[in-house]
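Peer 1: Once you've had a glance at the structure underneath, I'll fire off some questions.
The values are calculated or read from the model by the stated rules, or taken from the named source; none is laboratory data. Because the structure is predicted, anything quoted here is derived from the model rather than measured. Ideal geometry is used to build each Cβ from the backbone, glycine not excepted, and the neighbour counts take in all protein chains shown.
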Amino acid sequence: MQSEVKSLNEECGVFGIWGTPDAAKLTYFGLFALQHRGQEGAGITVNEQGRLRTERGLGLLTDVFSSQQKLNDLRGTAAIGHVRYSTAGANTLENVQPLPFNFSDTQFALAHNGNLTNAISLRKDLEASGAIFHSSSDSEILMHLIRCSKAATLDEQVKAALRKIKGGFAYLLLTKDRLYAALDPNGFRPLVVGQLANGAYVVCSETCALNVVGATFKCDVHPGELLIIDAAGLRIEQYTNKTKLAICSMEFIYFARPDSEIYGVNVHSARKRMGKLLAREHPADADMVIGVPNSSLSAASGYSEESGLPYEIGLVKNQYSARTFIEPTQELREQGVFLKLSAVKGVVAGKRVVLVDDSIVRGTTSRRIVKLLKDAGAKEVHLRIASPPLRFPCFYGIDIQSARELIAANQSVAEMAATFGCDSLAFLSTANLIKAINLKSAAPYHGLCVAYFNGDYPTPLYDYQEEYDTEQQQLAHERGELNGCV
């Protein structure tokens with residue numbers, strides 16, 4: 001498992017389509033809209049008259065399909081695609097999805113968004129019974145479970161396999177004659193259904209991908225649902241009745257595109273409400289509000305409106321800079337912040353600035369941005385975070401599987417403010433985060449997973465439980481020792 005927290009990253013985005021002759025090209029466009037969800041690898045599998053063909057590789061979607069011919073060669077009326085950021089499994093070609101499977105009697109292709117919490121024990125059992133794995137990704141486990149099932153039909157085999165896996169998952173499975181889509185019993189990851197004017201069905205991670213390909217939104221996929229799309233159309237079935245909505249709150253805070261909607265909630269509007277409630281909860285005596293490009297701009301505009309402080313462009317992002325978290329050393333990652341962002345001296349010099357960001361993970365970026373603004377002449381920098389402190393790891397598909405590198409798990413708010421060099425620091429409360437998102441659900445926390453903030457996980461942690469308990473005990477002991485010295 002990958003334990004180093006380099007940044008806050010989703011595992012991937014998925015896109016599937018059934019029933020149109022330009023399936024590969026539409027999948028490419030859909031994945032392009034989902035590129036923010038994964039930038040380490042990409043791939044597309046097409047179904048051409050019952051025969052599956054896969055093209056995949058490392059890098060951005062445009063790197064993998066650098067020539068038009070690669071896309072033209074993928075002919076078929078159905079396809080699934082995937083953009084990847086690895087949380088479980090190394091960043092190697094064999095882990096890039098869709099994962100192709102060729103058996104003597106049929107073919108499959110599998111795309112997965114999420115992380116299985118019982119993957120280690122399942123894999124151990126499967127290998128003990130003779131299964132051979134071709135990747136280190138946990139995504140491959142579902143296929144082995146399907147093939148091992150004794151159920152009479154493929155539909156029932158898929159359902160039986162889904163009932164054995166635990167954690168967060170949104171699966172797309174393409175076969176020679178149908179497309180499956182499945183969501184875990186808590187709906188940790190988003191998944192939506194749309195339809196083209198020609199009747200073709202689309203299933204993908206976010207509604208922004210539906211918009212790009214011209215599909216009309218039909219419905220959200222709900223927890224515990226299995227979708228079956230074939231020549232007869234779309235069927236929606238439940239593979240389990242033990243469901244409880246707990247969608248990842250970080251989708252609304254950070255991951256999803258602002259033009260996407262999740263369970264009827266526009267992401268931009270939710271982020272703007274976070275900023276408004278943050279301004280009420282933690283006002284600041286300042287001259288202006290600025291946001292960290294790009295995911296914090298919605299929250300910054302909300303803070304500005306509620307506080308009455310003018311919203312200014314105090315930071316400019318270089319859209320062509322490399323992603324800092326993939327740099328091989330800490331020094332290079334920190335230097336990368338300067339490549340990504342520049343302070344606008346003419347705007348911030350001599351001013352008291354409210355700096356709004358969506359979240360703090362390791363603290364590297366926050367420290368550097370505060371320094372950027374101070375070096376540009378900002379008189380004061382008041383850091384406001386439009387989410388609660390990230391103190392607990394995630395085991396459902398975000399690459400924060402250890403609390404060791406979560407600065408809020410190791411420092412108090414006052415200590416973090418001193419580390420960052422800001423004049424004040426404050427976070428949105430969990431209650432106001434839930435209020436801002438405003439999901440209409442009777443489930444705990446109104447259908448949100450907020451475990452990263454309060455440690456209240458919606459499910460057992462299975463293979464991760466012992467490691468998690470040990471780490472939490474160690475951190476508590478260390479905090480106790482520190483408190484004893486004060």
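Peer 1: When only residues in segment 439-462 that are buried (at least 17 other Cβ atoms within 10 Å of the Cβ) and part of a loop (DSSP other than H, G, I, E, B) count, which is farthest from the chain's Cα centre (by Cα)?
Peer 2: Of everything passing the filter in segment 439-462, Ala443 is farthest from the chain's Cα centre (by Cα).
Peer 1: Which residue, of Cys208, Cys204, Cys148, is among the hydrophobic types (A, V, I, L, M, F, W, C), buried (at least 16 other Cβ atoms within 10 Å of the Cβ) and modelled with pLDDT under 95?
Peer 2: Numbers: Cys208 fails: modelled with pLDDT under 95; Cys204 fails: modelled with pLDDT under 95.
Just a single option satisfies the conditions, and that option is Cys148.
Peer 1: So Leu174 ticks every box in (1) within 30 Å of Gly214 (Cα to Cα); (2) within 18 Å of the chain's Cα centre (by Cα); (3) not small (Gly, Ala, Ser) but one. Which box is left unticked?
Peer 2: Checking Leu174 against (1) within 30 Å of Gly214 (Cα to Cα); (2) within 18 Å of the chain's Cα centre (by Cα); (3) not small (Gly, Ala, Ser), the one that fails is (2).
Peer 1: A further question on this structure: Which is assigned by TED's automatic domain parsing to the domain that holds Gly224, surrounded by 17 or more Cβ atoms within 10 Å (Cβ to Cβ), within 25 Å of the chain's Cα centre (by Cα) and at pLDDT below 95, of Gly59, Gly89, Gly167? Write out each step before concluding.
Peer 2: Details: Gly59 fails: surrounded by 17 or more Cβ atoms within 10 Å (Cβ to Cβ); Gly167 fails: at pLDDT below 95.
Going through Gly59, Gly89, Gly167 in turn, just one is assigned by TED's automatic domain parsing to the domain that holds Gly224, surrounded by 17 or more Cβ atoms within 10 Å (Cβ to Cβ), within 25 Å of the chain's Cα centre (by Cα) and at pLDDT below 95: Gly89.
Peer 1: What number goes with the only condition from (1) in contact with a strand residue (DSSP E or B) (Cβ under 8 Å, 6 or more places away or on another chain); (2) surrounded by fewer than 23 Cβ atoms within 10 Å (Cβ to Cβ); (3) farther than 25 Å from Pro21 by Cα; (4) free of Cβ contacts under 8 Å to residues at least 60 places away in the same chain that Arg75 does not pass?
Peer 2: The failed condition is (3).
Peer 1: Return yes when Arg51 is touching a helix residue (DSSP H, G or I) at 6+ places or on another chain (Cβ under 7 Å), surrounded by fewer than 24 Cβ atoms within 10 Å (Cβ to Cβ) and at pLDDT 95 or above and no when it is not. Working first, answer last.
Peer 2: Details: touching a helix residue (DSSP H, G or I) at 6+ places or on another chain (Cβ under 7 Å): no; surrounded by fewer than 24 Cβ atoms within 10 Å (Cβ to Cβ): yes; at pLDDT 95 or above: yes.
Criteria not met by Arg51.
Peer 1: Considering only residues of segment 211-269 that are among the small types (Gly, Ala, Ser) and farther than 24 Å from Ala197 by Cα, which is surrounded by the fewest Cβ atoms within 10 Å (Cβ to Cβ)?
Peer 2: Taking segment 211-269 as the starting set, the residues that turn out to be among the small types (Gly, Ala, Ser) are 214-215, 224, 231-233, 246, 249, 256, 260, 264, 269.
Now narrow it down to the ones that are farther than 24 Å from Ala197 by Cα: 224, 246, 249, 256, 269.
Working: Gly224: 22, Ala246: 27, Ser249: 27, Ala256: 30, Ser269: 17.
By that ranking, first place goes to Ser269.
Peer 1: Further question: Considering only residues that are of a type in the set (A, V, I, L, M, F, W, C) and modelled with pLDDT of 60 or more, look in segment 324-343 and name the one that is nearest to Ala378 (Cα to Cα). Step through it out loud before you land on a result.
Peer 2: The first filter runs over segment 324-343 and keeps only residues of a type in the set (A, V, I, L, M, F, W, C), leaving 325-326, 332, 337-339, 341, 343.
Now restrict to residues that are modelled with pLDDT of 60 or more: 337-339, 341, 343.
On the way: Val337: 18, Phe338: 17, Leu339: 20, Leu341: 16, Ala343: 10 Å.
By that ranking, first place goes to Ala343.
Peer 1: With within 18 Å of Met250 (Cα to Cα), modelled with pLDDT of 95 or more and not assigned by TED's automatic domain parsing to the domain that holds Ser295 as the only criterion, which of Leu34, Leu26 stands out? Let's see the steps before the verdict.
Peer 2: On the way: Leu26 fails: within 18 Å of Met250 (Cα to Cα).
The match here is Leu34.
Peer 1: Which residues, counting only those in segment 268-285, are touching an Asp or Glu at 6+ places or on another chain (Cβ under 7 Å) and of a type in the set (A, V, I, L, M)?
Peer 2: Ala279
Peer 1: Filter segment 344-362 down to residues that are crowded, with 16+ Cβ neighbours inside 10 Å and either at pLDDT below 95 or over 30 Å from Ser249 (Cβ atoms) (or both), then give me how many there are. Show your work before the answer.
Peer 2: Step one: list which residues in segment 344-362 are crowded, with 16+ Cβ neighbours inside 10 Å, which gives 347-348, 351-362.
Narrowing further to those that are either at pLDDT below 95 or over 30 Å from Ser249 (Cβ atoms) (or both): 347-348, 351-352, 361-362.
Total satisfying the criteria: 6.
Peer 1: Now for a separate question. Only one residue in Lys440, Lys379 is at pLDDT 95 or above and among the basic types (Lys, Arg). Which one?
Peer 2: Numbers: Lys440 fails: at pLDDT 95 or above.
After ruling out the rest, the residue left standing is Lys379.
Peer 1: A follow-up question, please. Just to verify a result, which residue in segment 13-29, among those that are under 16 Å from Ala181 (Cα atoms) and more than 14 Å from the chain's Cα centre (by Cα), is surrounded by the most Cβ atoms within 10 Å (Cβ to Cβ)? Spell out how you get there, then give the answer.
Peer 2: Going residue by residue through segment 13-29, those that are under 16 Å from Ala181 (Cα atoms) are 13-19, 27.
Now restrict to residues that are more than 14 Å from the chain's Cα centre (by Cα): 15-19, 27.
Working: Phe15: 30, Gly16: 31, Ile17: 33, Trp18: 24, Gly19: 20, Thr27: 29.
Filtering segment 13-29 for residues that are under 16 Å from Ala181 (Cα atoms) and more than 14 Å from the chain's Cα centre (by Cα), the one surrounded by the most Cβ atoms within 10 Å (Cβ to Cβ) comes out as Ile17.
Peer 1: Here's a follow-up. How do the pairs read when you match residues in segment 290-311 that are touching a residue at least 60 places away in the same chain (Cβ under 8 Å) and more than 19 Å from Ala378 (Cα to Cα) with residues anywhere that are assigned to a strand (DSSP E or B) and among the acidic types (Asp, Glu), using Cβ under 7 Å and keeping only pairs 6 or more apart or on different chains?
Peer 2: Every condition considered, the pairs that remain are Ser296/Asp357.
Peer 1: Can you tell me which residues in segment 407-425 are surrounded by fewer than 17 Cβ atoms within 10 Å (Cβ to Cβ) and either within 20 Å of the chain's Cα centre (by Cα) or of a type in the set (A, V, I, L, M) (or both)?
Peer 2: Val413, Ala414, Ala418
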